[in-house]
Every structure is written in C-alpha cells, then in structure tokens.
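The values are calculated or read from the model by the stated rules, or taken from the named source; none is laboratory data. Note that the structure is predicted; figures quoted are calculated from it, not measured. Glycine also receives a Cβ, built like all others from the backbone with ideal geometry; neighbour counts cover every protein chain displayed.
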Amino acid sequence: MVSDLTGRQPKALTSALELLEAVARAGSGVTAAELAAVTGLPRATAYRLLNLLVAEEHVVRLPDLSGFALGARVEGLVEAAAPVRVVTAAREELARLRSGVRAGVHLCVPRGGAVRVVDVDPDVPPPADPARARVVLEVLTGQEEARGEIAPGVRALAVAVPGPGGNVVGALLATSPASSATGLGGVADRLHATAKALGPLLE
Amino acid sequence: MTVPALRSVSPVAGLRRRRLGPLEVLAQSVAATAPAAAMATSPGQAFSLAGAPPSAVAYLVATVLVLLVSSCVGQFSRRMVAPGSLYSFTAKGLGGTAGTVAGGFLVVGYGFLVAGALTGAATSGAALVGRVLAPGTLPTVVAEVGVLALVGLLVAAFAVRGAGISARLGLALELLSISVVLVVLGVVVVAAVAREGAPDPATLVGGGGHPFGPGAQGLLLAVTAFVGFESAGSLATESRRPFAVVPRAVRWTALVSGLLYVLAAAAQSVVFAATPGSGAAPLPLAAAVSVLSDPALAAVLELGILTSFVGCASASLTALVRLLFTMGREGVAPRSWGGTSRFGTPAVAVAVSTVVAVVVPSVVLLAGVPAGDVLRGLLVVGTCGYVGGYVLVCLAAPVFLRRIGELTLPPVLVAAMATGSLVAVLAACVAWSVAAGGGWVLAAAGLLALSVLRALVLRRRRPALVARVGLYDETRRQDVLS
C-alpha cells in the first residue's frame, strides 16, 4: 500500500538495498563498520538495517559474527531473474521435433522456485501460459509423463526432461486441439526421445 | 580481507533445523513464563512473605527491568543462534570462564524453575484431588508427590517427542488459563469491593508502606514471575527465520506478561486487603476466592494454575535440556548429554534432568515442609540463578558489540541500567535474608558461589575446554551464496 510508505520508510528501504548492494560488491567477510562507511549511512542505522537483512536471511553473518556475506536467499532471487539461455543444439532438437509432429511444442524449466517458459512454438502459440499448466507442474515435481487439458478444448501432454544426474531439469509440453484428427496419439514417444536428447543440453 | 572457513555440518547437528514457526517459538517463551500461574500465585506469595497485600508498583518496576534485560538479550539473539542461549551469549561477550559461570547460574535457574513448576502443579493438583475425594482419604503430601511424579513423566515425554508437538496446544491452554484467572480476579474484586467498600488508592501501591517488601523480596518475587521469558532463544536452531522470530517472541512475552501482572497485582491488593487470613494457605488467591465467592470458582482457578504450571515445567525443561545438550557437546558436561534421540531432541539430558527435578522437591515435601514454602523456595532459588545469568548477559552485551565492531551508545546505557538494578535487587535480598537468619536466598547464594567455584576449577584444570565454550549454530557453507 502506498500509504504505508510514509515518514522514514522509503529512506530505510533505499538504504537497505544500498547495504545489500554493498555486501555484494565487497564480498564475503565485510564488516558492519566498513559497510556503514561505504554507504555513508549513520552507523546505528546501518547496524539496525543489517540486522533486519540478516533476520530476513538476505544477508548472513559469518562464523566470526563480525563479517557479512550474501545469504542463500539472494541466490533464489538471482536465479529467478536471470535470463535462461537455450543453446543452439537444443533449439535444433526442438525444431526437428516440431517439424515431425502436428502439435505445438514448448519447453519449460524450473528456476529459483518458479517455472520459466524458455522456448515457445513460433507457429502454434500456446492457448494458455504453459508455466501454469497442471501437467507441467506434475512432471516438474516427479511424474515422468502427464496428460490433461491446458485450455477448454485443447489437450496437453507433458514429459519430464531428465538431467544427467537423474533429476528433472525441464518439461516438454505438447498441445493440440481436441478436435484434431491425429491429436496427441503418436507424439509421446517422440517427445520422450527429444527430452532425453535435451537433458544434457539444458544443464 | 580474510574469509573464515565455513563448515558444512553445524556444531549442533542432531537438533532439527528450521522446523518451528513463529507461533511455536512464542509458545516456548510464554509457557516458560507461565503468566497465568504467575498472575494467580506471585502476588499471593508476596503477601504471605511480607504479611501485607502485594504492590502493583513492584510489578511495574519489574516489567521495566525485564524489558531492559530483553533488550540486552536481543543484541545477541539478532546476531547468533545458540541452543545454549544466554550461556553461549555470555561466553561470546565475556569469554569462556564467565560463560561457564553463566552456564552454572542458568542450570540452577532452569533446573529450579522446572522443580518449582512441578511443585506448583502438584500443589494445585493436590488441591483439586482434595476437592474430589472425601477428606482424609488420601494424605495431602501423598497426593502432591503423586501429581508431581505424574506431571514429571508427562513433560519428559513431551520434551523427548519434540518441541513442536505440544507448543500450540500449550499456547492455547495458557491463553485459556489467563482468561480464567482474569475472570476469577474480576469476580473476586467485585465481591471484595461489595464487602469492604471502594478500596483506598494507597492499597494499590500496597506493601504496607514498602512497595518492594521490607528487603526488596517483593521485587525479587515480581522478577520471578517473568523468568523464562528469554527461553525462546533455546529453540533458535529449530526455528525458521530465528533472527526475526526469537527477539520478537522474547520482547512481546515480557511486555504482555508485565501488563497482566500489574493488573493482577492491583486486583489482588484489593482482594487480600479484604481477606487478611488467606496468606497462610498454599495458594492464597484460591483461599481468598473460597471466602469471597464460590468454592467451585476456586476449583476452576486451581485447574487454570495446574495447566499453566504444567506448561511452565514443560517449557523450562525444553530450555534446560538444550543448555545441558550444548554443555555435553562441548565436553563441559558428560558427552552423553550432547546426544539426540531419533526425534531430534536431547533425550539423555531430558532423562537426567527429569529425575533430579522430580526427586528433589518430592524429598523436601515428604520431609514435611509445607508445599507453599517449597514452591516459593524453589522459585526464589531459581530466580537468583536467572538473575545471575541476566546480570552476566547484560554485562556481556556491550563487550560483544565492541568485539564485533558494532558498538553504539544506547546498548551501553541499557546494559548499565539493567545490570545496576539487578545487582541492587540481589544484594538487597541477600542482605535481608542474612538479617532474617538464612532461608532460600542464602541457599541460592551458596549454589551460585558453587557455580563460580566450578568454573574457576575447570579453567585451571582444562583451560582449552573453557576457552572454547559458547557453542552456537554457525552459518554453514550452504547458507551462503557461493
């Protein structure tokens, strides 16, 4: 709420982000006094805000208790925001699959606790957001294959992309109108074959 | 810039990390403080001790004092996670020897509080049994020892099974007990005013001219009502977001309990002024309720007190065993105490402490000491242990902040005020006890002296061990962005 941002709060928010940035720049082991000096904040303010950042686990204290480092929570933030690049070899695999099946084919990967759609079929745009499709979530949480509808009248089939370590590194989603004569009948095997080839390329 | 090596396994591995939510952590502090039991028994004890109705002023001053201590403890709990809580905090500020002394003080504090809470449960439980059975069927002392052993077993089982299970239930029961006590107080205050007329405002200040009692024991008893408020810290390792959750739980427990105590003391100064004879009963408020109102209401009150004391025993045991666990891991106490069960709880420490906390008060009760005296005595000894620990942790706070380069002026002032007043209360109580010819405060002083002696002997015999005490849950490699 806008009305919550009154008084000293906008300043505190800015200062906290400045401190976070300063910890990132200075690297592991920087002390509170050094951070206050770098950001130009009054020491008492800097210490209070640092303790808040520690409380929320964006920043951690190192075992000597005087040094700071970025917390694992920032890792989730960075991962969720960074663009996911799909290498050319993987794009070629997808193109080969798309030319062989009469269905829209899309690729999703898990990043920073969320699902990212990294490659959408240019010829058959998905009728709904693949990142929210139930079938995609099902394969990303452990099922090898899931079938269902992604939108009224549109069938969907998702298969897991297995990584080199046996973990799931992505989901390959095929969509086709329920009225289509061929449907998703013979697609599953080809989807699995492509998923196997994609696995090593997504790491 | 040197980057200290990070471990991948925490020194307190075995406890279940990051499982408990804010409510369970708050429940620990609230249950250990047991505001319902303290509201219903603490002013009554001040009454029996001083012979004059209790003073709300003593509880107001104690609230301020405890908030100062909470601020000092917060300096640590916002910066480190340690199941040994105040023990590890003191060691980080004042060094290993002072830490070992604080550890001894806190074992006395938590240990006697467990025994005291069990005794409190036994007193109210026996009173309830006495209402159900025909008079003379069962000697009171047998009922007391029976309830004590039963409750001891129950809380030991809870402590082994894990903190999370019983915490929510405990918090709900405590809230219910607080409501019961408030309602009962309301009823008897109305009855007392109806009988004696509107109270003289001077009664509310109470204490018969000494708001803190003749030797500051009134103030010590008021502080007793709060002890345990800091114990959320012992669950820090097992809590999610401990740096945010633990300080908040500690501060709110102190503040809300304080308000309840001031209210309860003011009400009871009116009630006891109308029932001067009730001071001799083991539970003076229950006696006053029986006189002023329905004995059935006294039974409800006793049930509320019983529940609150059971919660207090359980939570104090939870804190005590994590302290003993820390000492076991360090090698200051037997290594086996540092072991954990398959439930992720320090089961050996639970067994050892339960046996001691059940046997000691049972023996004293069987020796014929009245239950009211045993309860007050155990709580006073426990409080002296706590106050000793509080003094050390308050002294340690500014030193710790200086060591890590984060010292500012306000924490120094807070620590100075807290330490000064706590020492003054302790000194006044000891002086009064000496003048009055012994008693529980002197027993406490003896135990505290023993703790200091033990720390000094340990430092002489095993200096390397003492230098390393103050185990805490370090940041692990996987907690840092790599």
Quiz prompt | Candidates B:R376, B:R342, B:R329, filtered to the one that is surrounded by fewer than 24 Cβ atoms within 10 Å (Cβ to Cβ), in contact with a helix residue (DSSP H, G or I) (Cβ under 8 Å, 6 or more places away or on another chain) and of a type in the set (K, R) | solution = B:R329
Quiz item: Which condition number does A:Q9 fail, the rest of (1) more than 8 Å from every other protein chain (Cβ to nearest Cβ); (2) crowded, with 18+ Cβ neighbours inside 10 Å being met?
Solution: (2)
Self-check item: Single residue of A:P42, A:P83 found to be over 30 Å from A:A158 (Cβ atoms), surrounded by fewer than 17 Cβ atoms within 10 Å (Cβ to Cβ) and out of contact with any Cys (no Cβ under 6 Å at 6 or more places or on another chain)
Solution: A:P42
Self-check item: helices (runs of 4 or more DSSP H) wholly inside region A:33-103 containing at least 2 residues that are within 12 Å of chain B (Cβ to nearest Cβ) and of a type in the set (V, I, T)
Solution: A:43-55, A:72-81
Quiz item: Does region B:399-419 hold any residues that are in contact (Cβ under 8 Å) with a residue 24 or more places away in the chain, within 14 Å of another protein chain (Cβ to nearest Cβ) and assigned to a helix (DSSP H, G or I), and which are they?
Solution: B:V399, B:F400, B:L401, B:R403, B:P411, B:V414
Exercise. Collect the residues in region B:461-478 that are without any contact (Cβ under 8 Å) to a residue 60 or more places away in the chain and either in contact with a helix residue (DSSP H, G or I) (Cβ under 9 Å, 6 or more places away or on another chain) or buried (at least 19 other Cβ atoms within 10 Å of the Cβ) (or both), keeping them in residue-number order.
Key: B:P463
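Just to check your reading of the model, which residue among A:E138, A:E144, A:E149 is farther than 18 Å from A:A195 by Cβ and out of contact with any helix residue (DSSP H, G or I) (no Cβ under 6 Å at 6 or more places or on another chain)?
A:E149
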Quiz item: Which pairs have Cβ atoms under 7 Å, sit 6 or more apart or on different chains, and link a residue in region B:148-160 that is at pLDDT below 90 to one that is surrounded by 23 or more Cβ atoms within 10 Å (Cβ to Cβ) and polar (S, T, N, Q)?
Solution: B:F158/B:S166; B:F158/B:S314; B:A159/B:S314; B:A159/B:T318; B:A159/B:T345; B:V160/B:T345
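Among the helices (runs of 4 or more DSSP H) contained in region B:1-90, which hold 3 or more residues that are within 14 Å of chain A (Cβ to nearest Cβ) and either in contact (Cβ under 8 Å) with a residue 24 or more places away in the chain or over 23 Å from B:L235 (Cβ atoms) (or both)?
Correct list: B:56-77.
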Self-check item: Any hit, region B:413-421, residues being farther than 29 Å from B:R7 by Cβ, more than 24 Å from the chain's Cα centre (by Cα) and surrounded by fewer than 19 Cβ atoms within 10 Å (Cβ to Cβ)
Solution: yes
Quiz item: What are the residues in region A:178-202 that are charged (D, E, K, R) and surrounded by 11 or more Cβ atoms within 10 Å (Cβ to Cβ), if any?
Solution: A:R190, A:K196
Quiz item: Just wondering, is there one or more residues in region A:18-26 that are outside any loop (DSSP other than H, G, I, E, B), away from every other protein chain (no Cβ under 14 Å) and not polar (S, T, N, Q)?
Solution: yes
Self-check item: Members of region B:238-269 that are buried (at least 24 other Cβ atoms within 10 Å of the Cβ), of a type outside the set (G, A, S) and away from chain A (no Cβ under 14 Å)
Solution: B:E238, B:T253, B:Y261, B:Q268
Exercise. Please work out which one of (1) surrounded by fewer than 16 Cβ atoms within 10 Å (Cβ to Cβ); (2) touching a residue at least 24 places away in the same chain (Cβ under 8 Å); (3) in contact with a Ser or Thr (Cβ under 7 Å, 6 or more places away or on another chain) is the condition A:A89 fails and give its number.
Key: (3)
Quiz item: What about A:L201, is it touching a residue at least 60 places away in the same chain (Cβ under 8 Å) and of a type outside the set (F, W, Y)?
Solution: yes
